[in-house]
Amino acid sequence: MAGEKVWLQLSPFIARLFNAPLTTGCFPAKFKHTIIVPLLKNNGLDEDLLKNYRLVSNLPFLSKLMEKLVQIQLQCFQTAHSIMPIHQSAYRQNYSTEMVLLKVFSDLQMAKDR
């Protein structure tokens with residue numbers, strides 16, 4: 001409850017903070033700052049070999065939040081205007097790559113039958 005009240009109080013400021021870059025097209029430099037940390041892929045790997053590491057990028061919280069909000073808005077727009085291809089499964093809720101594989105398999109079976 002207390003956390004929800006804080007969000008309600010902060011929401012107008014966060015909305016202004018996000019709307020300004022979206023309307024001007026200028027992404028804040030502070031949102032672009034990231035800390036990149038090399039992490040060992042698996043325990044027991046040789047720590048002296050660079051290939052055993054993967055880089056993890058830690059972006060600021062507000063940057064990730066803005067990214068998620070833009071993604072939601074884009075997805076809603078694409079869905080409302082039927083822009084997304086019918087068989088697009090990435091970035092869509094309730095669509096899986098399994099469905100795409102079934103479609104491809106079905107298409108191959110139909111082509112083979114012809």
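We did not get these values from a lab; they are worked out from the coordinates using the rules stated. Note that the structure is a prediction, hence the values are computed from the model and not measured. Methodologically, a virtual Cβ is constructed for each residue, glycine included, from the backbone with ideal geometry; neighbour enumeration extends over all protein chains shown.
A few comments on the model shown:
- Between segment 1-24 and segment 41-80, the C-alpha centres lie 23 angstrom from each other.
- Take 39-52, 84-97 and order them by the average number of nearby Cβ atoms within 10 Å per residue, most first; the result is 84-97, 39-52.
- Stretch gain in nm, segment Glu67-Glu4, where the contour uses 0.36 nm per residue and the Cα spacing is subtracted: 20.5 nm
- Of all lysines in the structure, those lying under 30 Å Cα to Cα from Lys68, and not within fewer than 8 positions of it along the same chain, are Lys5, Lys30, Lys32, Lys41, Lys103.
- Solution diffusion estimate, µm²/s, Stokes-Einstein, segment 2-83, Kirkwood Rh from C-alpha pairs, 20 °C, viscosity 1.002 mPa s: 134
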